[in-house]
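The values are calculated or read from the model by the stated rules, or taken from the named source; none is laboratory data. Everything numeric here is computed off the predicted structure, so don't read it as measured data. All Cβ positions, even for glycine, are placed from backbone atoms using ideal geometry, and neighbour counts span all protein chains on display. Calculation scope for accessible area: heavy atoms of the full protein, side chains included, ligands and nucleic acids excluded. Shrake-Rupley method; radii C 1.70, N 1.55, O 1.52, S 1.80 Å.
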Amino acid sequence: MATTPTVYLNGRFLPLDEARIPVLDRGFIFGDGVYEVIPSYSGHPFRMAQHLARLQRSLDAIQLPNPMTTALWGRLAKKLIGLNEGRDQAVYLQVTRGAAKRDHAFPADPTPTVFMMSNTMSTPARELVTNGCACVSATDNRWLRCDIKATSLLGNVLMRQRSAEADCLETIMFRDGFLSEASSSNVLVVHGRTVSAPPNNHLVLPGTTNDVVIELLRKARIPLTLRELHEDEVRAADEIWLTSATKEVLAVTRLDGVPVGSGKPGPLFKRVYRLYQNFKRTVMRRN
Ligand code: PLP
């Protein structure tokens with residue numbers, strides 16, 4: 001039988017089923033908080049510095065001081081990974097504006113709530129990598145600060161539910177006719193030999209995995225453009241890829257029931273997937 005996971009809450013490591021927060025926590029009442037999900041392979045967090053830099057940007061955007069130093073986040077993550085099961089784990093960390101009398105305006109002197117957990121993570125199954133996945137599409141009706149990794153995820157939750165109900169992996173979103181991202185992934189497309197992706201702005205989360213893929217494409221001198229992509233261009237693409245810390249890079253082979261390109265993961269996907277796995281191995285060997 002699996003043991004109860006150990007989590008971190010406000011300065012203490014304790015069993016998950018003993019972790020409690022007050023009902024007036026602003027994370028619970030307003031979704032007034034931010035979070036990160038950091039993959040860890042064989043005990044080593046991957047792209048930790050980049051995740052913590054994004055956490056800092058999210059905290060700055062909601063005017064909440066960072067309750068920890070980078071070094072302390074790193075030590076806590078490592079300790080938590082050691083206390084939990086699984087060779088590969090996904091470390092989740094969340095900072096909220098803490099408990100206060102319910103009022104939309106910030107409390108004068110908030111005490112943030114800091115929560116961390118680390119769950120066993122499986123990298124995408126071989127079958128999913130080999131055959132690709134199916135997605136649906138929807139109009140992006142979320143707010144206009146999608147660059148903040150906020151815990152108020154209702155828009156994303158409703159989007160993901162659409163794909164779950166269609167037995168698909170993701171919902172790819174278009175805002176005013178242009179590609180934004182998917183409910184919990186970034187999206188890249190391929191036309192011929194060129195990869196394109198929407199630029200980072202307030203309409204998308206700047207993905208850490210997307211950044212790795214972009215770095216790898218540049219290193220391999222694979223043509224890349226960062227630009228707005230019209231829905232028609234996405235539907236006419238030869239390949240569509242999803243990226244996220246836990247999905248890594250996956251090929252979308254059906255969109256709204258229609259095959260993408262050949263209907264199989266394309267040649268550029270296969271190349272980038274290999275580059276990504278090699279990069280992961282190299283980084284992990286250095287740790
Ligand atoms: N876009 C959204 C809305 C997300 O929630 C996520 C990850 O959860 C991503 C993109 C991908 O980001 P990352 O590669 O850092 O996991």
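Of the residues that sit in the stretch 162-204 and are open to solvent by 30 Å² or more (accessible area, probe 1.4 Å) and closer than 21 Å to Ala150 by Cα, which one is nearest to the ligand (Cβ to nearest atom)?
Selected residue: Ser184.
When you go through Glu239, Glu248 one by one, which is the residue that is open to solvent by 10 Å² or more (accessible area, probe 1.4 Å) and touching a residue at least 40 places away in the same chain (Cβ under 8 Å)?
Numbers: Glu248 fails: open to solvent by 10 Å² or more (accessible area, probe 1.4 Å).
From the options Glu239, Glu248, the qualifying one is Glu239.
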Expected single match for open to solvent by less than 20 Å² (accessible area, probe 1.4 Å), within 16 Å of the ligand (Cβ to nearest atom) and at pLDDT 95 or above among Trp73, Trp143 is Trp73
Qualifying positions in the stretch 207-236 - within 12 Å of Ala197 (Cα to Cα), among the β-branched types (Val, Ile, Thr) and either open to solvent by 70 Å² or more (accessible area, probe 1.4 Å) or not in a strand (DSSP E or B) (or both): Val213, Ile214, Val234
Being hydroxyl-bearing (Ser, Thr, Tyr) and part of a loop (DSSP other than H, G, I, E, B) narrows it down to one of Thr171, Thr123, Thr130, so name that one. Thr123
Residue, farthest from the chain's Cα centre (by Cα), within the stretch 237-265, restricted to residues that are more than 13 Å from Val189 (Cα to Cα) and part of a loop (DSSP other than H, G, I, E, B): Ser262
